[in-house]
Structures are given as C-alpha cells and as structure tokens.
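Here is the structure we will look at.
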Amino acid sequence: MRVLKRTSRALIAALFAGSALFASAAELTIGLSAPITSLDPHYHNLTPNNALSLNVFEDLLSTDEFQNIKPGLAESWRNLDPLTYEFKLRKGVKWHDGSPFVAADVLASLKRVPNVPNSPASFAVFVRSIVEATAPDEHTVILKTAAPNPGLASDMTSVRIMPKAVAESATTEDFNSGKAMIGTGPFKFSEYKPGDRVVLVRNDQYWGAKPDWTRVQMRMVANNATRVAALLAGDLQMIENVPTSDVKRLMGDKNLAVAQVVSNRMIYLHMDSNRTQNSPFVRTADGKPMENANPLTDARVRRAMSMAINREAIVDRIMETVAVPAGQLLAEQFFGTSKNLKVDKYDPEGAKKLLAQAGYPNGFQLTLHSPNNRYINDEKIAQAIAQFLTRVGIVTKLETMPSNIFFTRASKLEFSTILAGWGASSGDTSSPLRSLLGTFDAKTGFGAANRGRFSNAELDVLIAEAAVEIDTEKRRAKLAQASEKAIEQMGLIPLHYEVSVWATKSNVTYVARADQYTLAQEAKLKK
Amino acid sequence: MFVFILRRLSQTALVLLVTSLLVFAGLFVIGDPVEILISPEADQIERERARVALGLDKPGWMQYLLFVKNAASGDLGKSFVYGRPALDVIFERMPATLELATVAMFISIFVGIPLGLYAGLKPDSRIAKGIMAISIVGFSLPTFWVGLMLIMLFAVQLGWLPSTGRGPTVEFLGMQLSIVHWDGLKYALLPGINLALFKLSLIIRLTRAQVRENVLLDYMRFARAKGLRKSRVLGVHLLKNIMIPLVTVIGLELGSVIAFAIVTESIFAWPGMGKLVIDSIFQLDRPVVVAYLMITVLMFVFINLVIDILYSILDPRVRLTAAKN
C-alpha cells in the first residue's frame, strides 16, 4: 500500500513537472473567442481572421491601439497630388523564406485582393479606388485613384502584403495548408488545426521589435465560461473577450491582470424613418394599425425615445460597467467625432412633453426587434429599452431572434425599430456615416446597412464632401459636422460603446486595442 | 442476408433525398448567408459580388437541383465559410469526435454494465441503492453544468487534468489520434466523462432491469440447478440474454454520441464535428449543414444494420430476412 502511495505521488509529481515544462516562459497560449475560418489573408474579411493574419503578414501601414495610422512596410507616405499617393518602402525587410521584400510584391498583392475565388466577404473594397499602381524603383510604390480618396491610407492598413510568387499563384487552400504562409511579420507560421488552434514561432529576422515569445499557440475556445476557466486553470495565459460578468472577479484576482479599452463598436437603435404610413410594427395607442402616419419619421419622436432611455443604468447594471454610454457614432477619442455632442440625459418627463409636441400625447405601440446572440448582452439590453420606452408612453413589445434570422429580415426592412451594433474598422466616423446614415443608393454605395432608410440631403452632401477631402484637419471637421447633423436628426439612437477586455496571467501584459485584435507581439512578458 | 442489405441501401437513398430537401428548404427559409458572412461595412456592390460568388443569386429550386446533380457524383458543394469541399471540412473534424465517442462509450459500457449487474443481482444492498441514486443524478443534471463543474474541480481547483482542448496527436494506423497515448488521453478524460454520464446512467438502469427480470426465469433456475459455476451462469447465460436490448440501445446511443456531442464539444473546446455544425448553422453555411446531416443519416443506417446483424448472432431465433415484412 505504501509503495502504491509513493508511486502515485511520484507519478503526480512527474505530471506537474511535465506541465510546468510546457508553460516555460517563452511560450504563450492565447484563448480566442471566435473560430478562424481561413488563413488566406485576402479571403474572408472577418475580425478573427484579420487579427491572426497580422501576426504573420503586414500591411503598408499599420495602426496603434487607438487606430491611429503609423508606418508599416512603408516607412513614409504622402500625397503627390490629390489623386496620387507615394509610399516609400522599408529597406532590408526579409520574407520568412529569406528573400528580400520589394515593390513588386506590393503590386502583386494589391492585384490579388479582388480576385480570390469564392470569397464570402472580400477585401476588394480596400483597393477599389485604385486605378493604377506602379513601382518607379524597388522601394517606391505609387498609387493613383480616379477621385481623391483620403481614406486610402486607412485602406492600406487592411491589405496584407505577400511575396509576388505567392500572390500570383497561391490558392486559399495553400494558405490553410501552410505552404503559402510567407509573410514579413513578427511570427512565422508553424501549424494549423482547423477549429482548434494555430501555432506560430518567432521570426528572428523581424525588422521591428522582437516578440517576447519563441512560440505562440492561438487556441479557439468559443465558450465564455470555459475560456475563463482555462485561464484560471493555467492552460491559457491570455484570453480575449472576457464576459462582462467575470471582469470584476478577474480584476480582484492577484494572479491575473485585466486590460480594457473602449472599442470602435457602438450599439444603437435604428428606426424606420422612411415609410410614412403602415410601418409594420407601429400601432396606435389603442392597438390599431397606423394607416396614415409613422411617428418614427418625426425627429422629435426619435429624440424623445433617446431621452427615455437611461443609458447609465444599462451600462451599470446590465453591462456591469464594462461599456460607455454613447452620444454619437464613436467614442470621442476617435477621428471625426464632435466635442459638442453629449450623451442624451435620462429625462422621461421631457420625453413625454416632446412626444405630446409631436402629436402623440398618448404615445403609441411599438415592437422592438433585436438579435440575441450577436452583441454583448444584446437581449437584456433590448428588454431594458422596451421597458424604458413603455414608461414614457411608447408601449413596446420585444421580439428577439438569432442573428442569422435577424439580419436577413432586418435587411428586408421587415421591422420598425431594431437594436444593432456597428464596428467602425477604419476607426473614424466615415464608416458609420456612410453605411448607416447615408441615403440608401447602390450607385454611391451609401446606406448599405441603413436599415431604417434614414435620409437627409444635407447630411449626404457633408458625407460626400468628407469622402474626397484630402486635408486631414478639414476632413476631421467635416466628419464632426456630419456627426452633429446625424445626431441632431437622430438618424439613429446611440446607446453605448462596447468595451473590449483581455485578461492575462499577471506576468503577461497586453495593451488593449480599440480594433479588438488580439496580437501576440503586443503581449509582453513582465520582467 | 444480401437481399436484406440491398433493400436497406435503397431505402437509405430515399431518406437521403428527403433529408437534403428538408434541410435545404429549412436553411433557405431561415436567412440569407450573405447577410451573416459579409463584412457589415461592405457596400451594395460587394454584397452582390458575394451573392454571385456563392451561387446564391440563382432561384432556390435551381440551387437545389444543382446540388442534387453534383451530389449524385459525390460532390456535396463547397463550404461558404471555408471555401473548401464541405465533406473535407467535416471529415477533418471526424477523428476528434470519434475519439471522444470512443472514450465516452468505453466508460459507459465497462462501468455501466458491471454496476448494473451488481445492482440487479443485489437490489437490496446499500451499494446497489447508492448506484441507483447516482444514476438518477446522472440522468437529471444538465450536461453543460456538469461539464463546467468538472472543469472547475479537476482543472481549476485540483489541477489534475487539462481544462479544454484536444491533446497532442500522434500517427496511429494512418490517422492522427490523440487518445492512444497518455499525453493526449488526459485531455479526453473530462469531456469523455461528461459525455458518458447520461449514457452510463441509462445503461446501468437498463442492465439492472434486465437482470431483475431474467434471474427469475426458468432457464436461470435450471442452470443453477444443474450446478453450473456462478460465473458461468452470469457470464454466459444471463449476460447473453440481457444483451439484446442493451445492444440496441448502445448502438443508437453511439450514433447520438457521434452526431450530437455538441454541448460537450462546445464546453470543452473540443474541435469535433458537433462544434463545426453549430457554427455552420449560425453562419448559414448550407453545404456543411446538409453534408453533415447526410453523413449522420448514413451513420445511423449503418449502425442499425450492424445491430440487426448482431441480433442474429446473439439470438439465433432472429432471421434477417424477417425484416422484409
């Protein structure tokens, strides 16, 4: 018996020693919250894919944690004239296979982007404005556009550059098998198990700051509770998208560190401000169809709805303080926001007065539609909003559904008021202005996600002007002005900005990023 | 026997056709894959391009006819999300799921039957009552909760076993398997136990009921009266007779463990097919969902076939041709 005990003790000790060995300091295991669908950086424009590819590949320009643009593979860039951009490429950069990085690689990569077969969400939008790309010498690239495009620099933070030979011949399958995973980034590709993990190893030839990790495992652990448990158990040293309900507890744990930052995603309500009658889910106060009016077309009603919502309470109770109340399209530190826009104060009495002024002293009936698996706590937020609206006389019913059903129906304009979210991947207000608030028009590309079909001629002019304004400061002012116009008209009701949260073991630090990307090279070992 | 198998196969083809039609129609009604897959910031031109690229610009009936035409030559289409043949995407995940199912069924059978036998033979003992009480717990606790508790206890508190994921794999008989060595097997234990709990309880209760019924029958009394050794009475006479219902249940449960291990796979981040099919349903990745359900149908048909053949081996009175009626 004693022998048995001793052997089993020895066995357990050996096990522990084994696991300690695995967790050696230069290894990092990260828990991702969503599956990576492809390693081809030009195939599927999806946050998890984009974040992963940035570990291996790089862009001409990159962004810091607040999405400010900074040099990447291009050391500098400037406008030669409003239609011409010149990029000076970094010298001495090597591909993972040892060959030098030159301008021809950039041209070939730009060319591949719109031509990836079967792409479910392509990156073509980022190169569409380019009409001509040339390379006068090995370290200069000239891009010409048909119309002035101040967003080109930002576009160039979304186009991964690959070697010419790869760009010209590799298929999506070649990336998934690892054959074509040749970049210039801080990590080299090592292994990919679909739905399970991606393994990366340090690129010792990297031109920039060397990563602290010789080997990084990115494991896909979609279940929130499991991801947290795996961090607590020590199987993961870092996790992304910490569920709001666990943030406080993890912050109190001295073996862990939490990093958070307000993200570029705004949660909002979109109202049917297009149909002047018979909006499908608007009823009169006594439940009859509204045959010759739609209160939601009246900006005063939309403002009243905004005033009826207690954003502080939602952030405090439902989001457990892991969110920021919103008064415009992006949090104030982002480009193109306005300092003059403040969060609407919770004022139910004022909301009732405004409703009466608009001709609805007795309110009306409404159904709010919301997804229940897309945004953080989406269903609970929608419940709270339905109650807030009901309190000021807009008797609101709530219907929630999985996002795959929700977005199909919402885009067919089957609803009257929806709750949705918008992540501005470019980190400036041009994206929500153009897609959510511009007048729906397939020709201009405005309003593609404008599911309320809000339309305001003055606003359209401002958006169009900002879209071709090359001067940064003038563009910033134009976008701010457009934001003010949109919020004055309440084209949508901003609710809050989501906050992105990472948790790490206390010996690892991570600088939280507004673009929600989890990048291994930004995780540092505390010395 | 040959005719019997042939008949089964022709029925299968019909079932497959109906399944594909139902799934196709169902997913068509649910929603538009482009809305889910596309970057929300894409404009109208890009949305239209994606629609054409995925073949969704054609009318629904034509999409289905195209699918049937390709399926007849063994091509179930390319996944919208992964851009690879749907069957490849599924088969790549299959070893992980089969491993988990093997561990779970192993636990259920080799723990369940002995415990059930004991509880059936000594129904009044305290241990038997304890076993039955545990089996009720195993039945009634929700899988996801038990899974999280297992992780909290064995991975977070005690630190004995890894919390999530599949262990390192090694080449074994041409396949990449993790459970053939301890480093990999230890990853499969917690999810295996979690998945086995329900089946285990089922097998315990079923075995016990069968034993209780059979020990009273004449053949058992006769065997004992003949003076056979106890082990022979139990091991040969009793076990063989209670096996028939057990084999049916075990067979069907094996099918459901393989096809519907979704909850356990999600909780333990186990990269199997269940996890894949749930993701695919959310993303409306129709080719993968359709292919998955067709594989599931085939698997159940195959398992039932094996069960029927096993019957005839276990019980010579059963003739396979009887299935004609």
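When the stretch A:154-170 is limited to residues that are more than 15 Å from A:Val116 (Cα to Cα) and in contact with a strand residue (DSSP E or B) (Cβ under 8 Å, 6 or more places away or on another chain), the one that is surrounded by the most Cβ atoms within 10 Å (Cβ to Cβ) turns out to be A:Met156.
Here B:Ile193 meets each of (1) within 24 Å of B:Ala259 (Cβ to Cβ); (2) modelled with pLDDT under 90; (3) not hydroxyl-bearing (Ser, Thr, Tyr) with one exception, condition (2).
Rundown of residues vs (1) assigned to a helix (DSSP H, G or I); (2) more than 10 Å from chain A (Cβ to nearest Cβ); (3) of a type in the set (Asp, Glu); (4) within 14 Å of B:Ala104 (Cβ to Cβ), yes/no style:
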residue	(1), (2), (3), (4)
B:Glu253	yes, yes, yes, yes
B:Ser266	yes, no, no, no
B:Ala269	no, no, no, no
B:Lys275	yes, no, no, no
B:Ile278	yes, no, no, no
B:Leu284	no, no, no, no
B:Pro287	yes, yes, no, no
B:Tyr292	yes, yes, no, no
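Taken as a whole, the condition of being on the phi > 0 side of the Ramachandran plot, out of contact with any helix residue (DSSP H, G or I) (no Cβ under 9 Å at 6 or more places or on another chain) and modelled with pLDDT of 90 or more applies to A:Gly92.
May I ask you to say which residue of A:Ser99, A:Ser122, A:Ser53, A:Ser33 is farther than 19 Å from A:Ala209 by Cα and crowded, with 22+ Cβ neighbours inside 10 Å? Step through it out loud before you land on a result.
Values: A:Ser99 fails: crowded, with 22+ Cβ neighbours inside 10 Å; A:Ser53 fails: farther than 19 Å from A:Ala209 by Cα; A:Ser33 fails: crowded, with 22+ Cβ neighbours inside 10 Å.
Checking each option against the conditions leaves just A:Ser122.
With respect to the conditions (1) in a strand (DSSP E or B); (2) under 22 Å from A:Asn274 (Cβ atoms); (3) more than 9 Å from chain B (Cβ to nearest Cβ), A:Leu389 lacks only one, and its number is (1).
Among the criteria (1) in contact with a helix residue (DSSP H, G or I) (Cβ under 9 Å, 6 or more places away or on another chain); (2) outside any strand (DSSP E or B); (3) buried (at least 20 other Cβ atoms within 10 Å of the Cβ), the one A:Leu368 does not fulfil is (2). Considering the stretch A:406-422, and only residues there that are assigned to a strand (DSSP E or B) and surrounded by 21 or more Cβ atoms within 10 Å (Cβ to Cβ), the residue that is nearest to the other protein chains (Cβ to nearest Cβ) turns out to be A:Trp422.
Looking across the stretch B:14-50, the residues that are of a type outside the set (Val, Ile, Thr) and more than 10 Å from every other protein chain (Cβ to nearest Cβ) come down to B:Leu14, B:Leu16, B:Leu17, B:Ser20, B:Leu21, B:Leu22, B:Phe24, B:Ala25, B:Gly26, B:Phe28. Among the criteria (1) within 13 Å of chain B (Cβ to nearest Cβ); (2) in contact with a strand residue (DSSP E or B) (Cβ under 7 Å, 6 or more places away or on another chain); (3) not hydrophobic (A, V, I, L, M, F, W, C), the one A:Ser435 does not fulfil is (2).
Residue under question is B:Val23, and the condition is that it be farther than 19 Å from A:Ile405 by Cα and modelled with pLDDT of 85 or more; does it hold? When the stated conditions are applied, B:Val23 does not pass them. Quickly run through the stretch A:37-72 and pick out the residues that are among the hydrophobic types (A, V, I, L, M, F, W, C), closer than 21 Å to A:Val201 by Cβ and assigned to a loop (DSSP other than H, G, I, E, B). Selection gives A:Leu39, A:Phe57.
Scan the stretch B:174-185 and tell me whether some residue there is within 14 Å of chain A (Cβ to nearest Cβ), under 22 Å from A:Arg227 (Cβ atoms), modelled with pLDDT of 90 or more and within 23 Å of the chain's Cα centre (by Cα). Checked against the condition, which is being within 14 Å of chain A (Cβ to nearest Cβ), under 22 Å from A:Arg227 (Cβ atoms), modelled with pLDDT of 90 or more and within 23 Å of the chain's Cα centre (by Cα), the stretch B:174-185 yields no hits at all. When A:Ala449 is tested against (1) aliphatic (A, V, I, L, M); (2) part of a strand (DSSP E or B); (3) touching a Ser or Thr at 6+ places or on another chain (Cβ under 6 Å), just one condition goes unmet, and that condition is (2).
Yes/no per residue for (1) surrounded by 21 or more Cβ atoms within 10 Å (Cβ to Cβ); (2) of a type in the set (Lys, Arg):
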site: A:Ala209; (1), (2): no, no
site: A:Trp213; (1), (2): yes, no
site: A:Met220; (1), (2): yes, no
site: A:Asn223; (1), (2): yes, no
site: A:Thr226; (1), (2): yes, no
site: A:Ala229; (1), (2): yes, no
site: A:Asp235; (1), (2): yes, no
site: A:Pro243; (1), (2): no, no
site: A:Lys248; (1), (2): no, yes
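On inspection, A:Val141 does not qualify as crowded, with 20+ Cβ neighbours inside 10 Å, within 14 Å of chain B (Cβ to nearest Cβ) and either touching a helix residue (DSSP H, G or I) at 6+ places or on another chain (Cβ under 7 Å) or in a loop (DSSP other than H, G, I, E, B) (or both).
Answer yes or no: is there a residue in the stretch B:55-72 that is closer than 28 Å to B:Leu252 by Cβ and at pLDDT below 90. Don't jump to the end; show me each part of the working.
Of all residues in the stretch B:55-72, those closer than 28 Å to B:Leu252 by Cβ come to B:71.
Filter again for at pLDDT below 90, leaving B:71.
The answer is yes; a qualifying residue exists.
Where in the stretch B:61-166 are there helices (runs of 4 or more DSSP H), lying fully within it, with 2 or more residues that are in contact (Cβ under 8 Å) with a residue 24 or more places away in the chain and within 13 Å of another protein chain (Cβ to nearest Cβ)?
Numbers: elements: B:86-121, B:126-140, B:143-150.
Result: B:86-121, B:143-150.
The residues of the stretch B:173-196 that are surrounded by fewer than 14 Cβ atoms within 10 Å (Cβ to Cβ) and of a type in the set (A, V, I, L, M, F, W, C), listed by number, are B:Leu173, B:Met175, B:Trp182.
Name the residue, out of B:Leu239, B:Leu228, that is within 21 Å of B:Ile131 (Cβ to Cβ) and surrounded by 14 or more Cβ atoms within 10 Å (Cβ to Cβ).
Working: B:Leu228 fails: within 21 Å of B:Ile131 (Cβ to Cβ).
Every option except B:Leu239 fails the conditions.
Restricting attention to the stretch A:100-123, the residues that are modelled with pLDDT under 95 and either in a loop (DSSP other than H, G, I, E, B) or farther than 21 Å from B:Arg47 by Cβ (or both) add up to 7. When the residues of the stretch A:25-40 are filtered to those that are more than 10 Å from every other protein chain (Cβ to nearest Cβ) and of a type outside the set (A, V, I, L, M), which remaining residue is nearest to A:Met220 (Cα to Cα)? Among them, the one singled out is A:Ser33.
On inspection, A:Thr429 qualifies as touching a Gly at 6+ places or on another chain (Cβ under 9 Å) and either hydroxyl-bearing (Ser, Thr, Tyr) or surrounded by fewer than 21 Cβ atoms within 10 Å (Cβ to Cβ) (or both). For B:Leu252, the conditions (1) surrounded by 15 or more Cβ atoms within 10 Å (Cβ to Cβ); (2) under 12 Å from the mean Cα position of the chain (by Cα) all hold with the exception of (1). Selection of the stretch B:51-60 for residues being more than 7 Å from every other protein chain (Cβ to nearest Cβ) and part of a helix (DSSP H, G or I) yields B:Arg51, B:Val52, B:Gly60. The set of residues in the stretch B:286-325 that are more than 20 Å from the chain's Cα centre (by Cα) and modelled with pLDDT of 85 or more comprises B:Arg286, B:Pro287.
The values are calculated or read from the model by the stated rules, or taken from the named source; none is laboratory data. Model, not experiment: these values are computed from the prediction. Glycine gets a Cβ as well: all are built from the backbone with ideal geometry, and neighbour counts include every protein chain shown.
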